[in-house]
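A.B. asks: Starting off with a structure, shown below.
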Amino acid sequence: MEKSPFAEERDRSLKFIGSIGEEVPRLQGLAEFYRIDRDAWRDLYRRQRGGEAYRELQEEVVALRNKTRARPGNCDNRAHGNAGAELPLTTPNQPMTDQIINIHDHGFVRLIDTMGTDVRIVEAARLSYRSPSKGEEADKKLLRYLFKNKHTSPFEMCKITFNIKMPIFVMRQFVRHRMQNLNEVSARYTELPSEFYLPEQWRVQDTKNKQSSMTASDVEEDWHIRQSKHAERIYDLAYQTYQTMLKEGVAREMARIVLPVGIYTEIYSAWDLSNLLKFFALRDDSHAQAEIQDYARAMKSFTAERFPWVMEVYEESRNAG
């Protein structure tokens, strides 16, 4: 019988804990945690106190896994495009993948799972007139026809889910795409870490487009450093204030109001292919803000791996104007 993703992750974690348990006695309790059945684990994780305790333990496991991968001679690091990249935390009832693209200083896009394939799209379309597949060439031709003539419902048969960590100001643009299914980490339930976005290069206001920016080419050598210091000063003050308010008993849901939009948040985001392609058309575009373009391109990279026919047709259409 084929193991579920949960069972595979549990067994992998138990084996890993067994190999390092003597080194890290605190992790011994984690073995019992992973033996809890799936439904009981979900109930436990919903209880914040217990969930946070086990979340801390899991973070130690992830950190140790990454440290183990980084040892000389150990090539078990499959981070997508980022050798040595730290894997984000996953929970036992989630499919575990090492497919991750790190973005900026603290962000990432991680592929969780997909439903369907390129062939699923043409199968759904052919059902309209009860016609079987006529081979790969004919299927690709049909898919190209569907896309060109905006027959979107067959593309909605396929889904893709991402785990994304991004600054809140990017998230505000991301949620404008309302046809995704989305769940976000809650600052009412958990304390936010001190993770803020600092760009490597600051841009200046575009002289023609009121909502856009452009490269700061005509500035002094230390101009970018000064802007980063301004931002760091505000970030430090805001987070110190946040911590002080929490220690003085202010509720998390209220203390968070002092945090700037440069702080990172994390989401699960699921899309059908039709709406995801519309997102790419708008956000992987020179008119979009540079930061969200970076996230869109990472998402597009994963989509092209899982749905190569669709993305080939999409790029052909885009290049044709």
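The values are calculated or read from the model by the stated rules, or taken from the named source; none is laboratory data. What you see is a predicted model, and the numbers here were worked out from it, not measured in a lab. Please note: Cβ atoms are built from the backbone with ideal geometry, for glycine as well, and neighbour counts cover all protein chains shown.
A.B. asks: Name the single residue that is nearest to residue 108 (Cα to Cα) among those in segment 302-321 being in a helix (DSSP H, G or I) and within 19 Å of the chain's Cα centre (by Cα). Before the answer, list the steps.
C.D. replies: Taking segment 302-321 as the starting set, the residues that turn out to be in a helix (DSSP H, G or I) are 302-306, 308-319.
From what's left, within 19 Å of the chain's Cα centre (by Cα): 302-306.
Values: 302: 12, 303: 15, 304: 17, 305: 17, 306: 19 Å.
Per the stated criteria, the residue is 302.
A.B. asks: List the residue pairs whose Cβ atoms are under 6 Å apart, where the first residue sits in segment 264-289 and is basic (Lys, Arg), the second is outside any loop (DSSP other than H, G, I, E, B), and the two are 6 or more positions apart or on different chains.
C.D. replies: 283/292; 283/296
A.B. asks: What are the residues in segment 266-279 that are polar (S, T, N, Q) and surrounded by fewer than 22 Cβ atoms within 10 Å (Cβ to Cβ), if any? Before you say what the answer is, go through the steps one by one.
C.D. replies: Taking segment 266-279 first, the residues polar (S, T, N, Q) are 269, 274-275.
Selection gives 274, 275.
A.B. asks: Count, please, the residues in segment 115-135 that happen to be touching a strand residue (DSSP E or B) at 6+ places or on another chain (Cβ under 9 Å) and surrounded by fewer than 18 Cβ atoms within 10 Å (Cβ to Cβ). Spell out how you get there, then give the answer.
C.D. replies: Kept after step one, since they are touching a strand residue (DSSP E or B) at 6+ places or on another chain (Cβ under 9 Å), are these residues of segment 115-135: 115-116.
Restricting the remaining residues to those that are surrounded by fewer than 18 Cβ atoms within 10 Å (Cβ to Cβ) gives 115.
Total meeting the criteria: 1.
A.B. asks: Same structure again: Across segment 203-258, which residue is farthest from residue 286 (Cα to Cα) among those that are assigned to a loop (DSSP other than H, G, I, E, B) and of a type in the set (Asp, Glu)? Give the steps one after another, and end with the answer.
C.D. replies: Pass one, segment 203-258, residues assigned to a loop (DSSP other than H, G, I, E, B): 206-212, 216-222, 248-251.
Right, trim to of a type in the set (Asp, Glu) and you get 206, 218, 220-222, 248.
Working: 206: 13, 218: 21, 220: 26, 221: 26, 222: 27, 248: 46 Å.
Selected residue: 248.
A.B. asks: If you check residue 194 against the conditions, is it over 30 Å from residue 147 (Cβ atoms) and part of a loop (DSSP other than H, G, I, E, B)? Don't jump to the end; show me each part of the working.
C.D. replies: Details: over 30 Å from residue 147 (Cβ atoms): yes; part of a loop (DSSP other than H, G, I, E, B): yes.
Yes; evaluated as a whole, the condition is true for this residue.
A.B. asks: Tell me yes or no: at least one residue of segment 202-223 is over 30 Å from residue 303 (Cβ atoms) and in contact (Cβ under 8 Å) with a residue 24 or more places away in the chain. Don't jump to the end; show me each part of the working.
C.D. replies: At the first step, the residues of segment 202-223 found to be over 30 Å from residue 303 (Cβ atoms) are 202, 204-205, 207-208, 210, 216-223.
Now narrow it down to the ones that are in contact (Cβ under 8 Å) with a residue 24 or more places away in the chain: 202.
Yes.
A.B. asks: Six or more apart or on different chains, Cβ under 8 Å: which pairs go from a residue in segment 232-258 that's closer than 30 Å to residue 200 by Cβ to one that's among the basic types (Lys, Arg)? Could you list them?
C.D. replies: So the pair list comes out as 242/256; 256/188.
A.B. asks: Quick one: would you say residue 171 is in a helix (DSSP H, G or I) and in contact with a Ser or Thr (Cβ under 7 Å, 6 or more places away or on another chain)?
C.D. replies: Working: in a helix (DSSP H, G or I): yes; in contact with a Ser or Thr (Cβ under 7 Å, 6 or more places away or on another chain): yes.
Answer is yes for this residue.
A.B. asks: Count, please, the residues in segment 268-302 that happen to be in contact with a helix residue (DSSP H, G or I) (Cβ under 6 Å, 6 or more places away or on another chain), under 24 Å from residue 149 (Cα atoms) and not hydrophobic (A, V, I, L, M, F, W, C).
C.D. replies: Here the count works out to 5.
A quick yes/no check of all residues on (1) more than 30 Å from residue 153 (Cα to Cα); (2) aliphatic (A, V, I, L, M); (3) touching a Phe, Trp or Tyr at 6+ places or on another chain (Cβ under 6 Å):
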| position | (1), (2), (3) |
| --- | --- |
| 238 | yes, yes, no |
| 250 | yes, yes, no |
| 256 | yes, no, no |
| 289 | no, no, no |
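A.B. asks: Under the condition of being within 28 Å of the chain's Cα centre (by Cα) and of a type in the set (Val, Ile, Thr), which residue from segment 119-159 is nearest to residue 278 (Cα to Cα)?
C.D. replies: Among those residues, the one meeting the criterion is 152.
A.B. asks: For the structure I just gave you, tell me whether residue 290 is assigned by TED's automatic domain parsing to the domain that holds residue 138, touching a Pro at 6+ places or on another chain (Cβ under 9 Å) and either at pLDDT below 95 or surrounded by fewer than 19 Cβ atoms within 10 Å (Cβ to Cβ) (or both). Explain how you work it out, then say what you get.
C.D. replies: On the way: assigned by TED's automatic domain parsing to the domain that holds residue 138: yes; touching a Pro at 6+ places or on another chain (Cβ under 9 Å): yes; either at pLDDT below 95 or surrounded by fewer than 19 Cβ atoms within 10 Å (Cβ to Cβ) (or both): yes.
Considered against the rule, which asks whether it is assigned by TED's automatic domain parsing to the domain that holds residue 138, touching a Pro at 6+ places or on another chain (Cβ under 9 Å) and either at pLDDT below 95 or surrounded by fewer than 19 Cβ atoms within 10 Å (Cβ to Cβ) (or both), residue 290 comes out as yes.
A.B. asks: Confirm whether residue 153 is of a type outside the set (A, V, I, L, M, F, W, C), surrounded by 13 or more Cβ atoms within 10 Å (Cβ to Cβ) and not assigned by TED's automatic domain parsing to the domain that holds residue 302.
C.D. replies: On the way: of a type outside the set (A, V, I, L, M, F, W, C): yes; surrounded by 13 or more Cβ atoms within 10 Å (Cβ to Cβ): yes; not assigned by TED's automatic domain parsing to the domain that holds residue 302: no.
It is false that residue 153 is of a type outside the set (A, V, I, L, M, F, W, C), surrounded by 13 or more Cβ atoms within 10 Å (Cβ to Cβ) and not assigned by TED's automatic domain parsing to the domain that holds residue 302.
A.B. asks: Kindly list the number of the only condition in (1) assigned to a loop (DSSP other than H, G, I, E, B); (2) touching an Asp or Glu at 6+ places or on another chain (Cβ under 9 Å) that fails for residue 299.
C.D. replies: Of everything listed in (1) assigned to a loop (DSSP other than H, G, I, E, B); (2) touching an Asp or Glu at 6+ places or on another chain (Cβ under 9 Å), residue 299 misses just condition (1).
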